[in-house]
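Have a look at the structure below, then the notes.
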Amino acid sequence: TGVKSIRWPSRFLPVPGEATATGENVHRLTEDTRIVFNANGTYTWQPVDGEVPPQVTAISPQTSYLVATRHVKLFVKGTVNGKVLVYSPERIVIEGNLLYAQDPETIPGSDDYLGLVSDKNVEIARPKVTGPGDLYVNAAIYAKRRFAVREFRKRGDAVLHVYGSVSSGSMSATEPRYSTRIRFDKRFEEMRPPGFPMTDRYELESWTTAWSVKPEE
């Protein structure tokens, strides 16, 4: 189309420059962690090694930033009630449904937002983790290297539903494990999920060919 390529950052840092990011709503995770979002506006988190008991933390009224440190992987599922950005420089693994407490398709005023951002991969976990049947992911996804479905060659008749957006360096196949339906969250036409990457380049998609006369003032 003649549009110049968009250079992605070598490493995405979600917190600097965010006006709402303070020490109170930035949760730094220093080891591989499993996160379950709860419909009551909290999330339960526990290191994968299980040595620390599960902890429950409230989502900030503004935005909660769940930020993994170097080499740390995050595992997520549940129902998001609030605004959340999940960031890992390594990998984010989706282990089950990720839903909004207020479905924006039926509740236009929903202010639940989830961003999943990784400098490397965002993945759908293996079938033995997600279980059989359809999988629903409500989120804006940014995977610098790859958005991948693990063990996609395992035959099934389920559907992977993504409601939001997917930006990735590459994508794996999803079939035959899943047929895939990706639908854009219309709210993103006017705003982005908190802390989500932006570009300074745009392409003109359409315009009107009709002339209009501006009245004299």
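The values are calculated or read from the model by the stated rules, or taken from the named source; none is laboratory data. Keep in mind it's a predicted model, so treat the numbers as computed, not measured. No Cβ is skipped: glycine too gets one built from the backbone with ideal geometry, and neighbour counts run over all protein chains shown. Keep in mind that these areas ignore ligands, DNA and RNA; they rest on the heavy atoms of the full protein, side chains included. Shrake-Rupley method; radii C 1.70, N 1.55, O 1.52, S 1.80 Å.
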For this session: Note the full-extension length gain between ARG183 and LYS128 as 0.36 nm times their separation in residues minus their Cα-Cα distance, in nm to one decimal.
Result: 17.2 nm
Exercise. FRET efficiency for LYS154 and VAL52, Cβ-Cβ distance as r, R0 = 35 Å, nearest 0.05?
Worked result: 0.60
For this session: Might you work out the accessible area of LYS186 for me, using a 1.4 Å probe with all protein chains in place, and round it to the nearest 10 Å²?
Result: 130
Exercise. When ranked by the protection proxy of mean other Cβ atoms within 10 Å per residue, highest first, what sequence do the peptides 30-43, 69-82, 111-124 form?
Worked result: 111-124, 69-82, 30-43
Problem set entry | Inter-part distance where segment 68-145 and segment 149-178 are each reduced to a Cα centre, Å | 14
Seminar exercise, completed: For segment 30-165, shape from the Cα gyration tensor axes a ≥ b ≥ c, cut at a/c of 1.5 then a/b versus b/c, turns out rounded
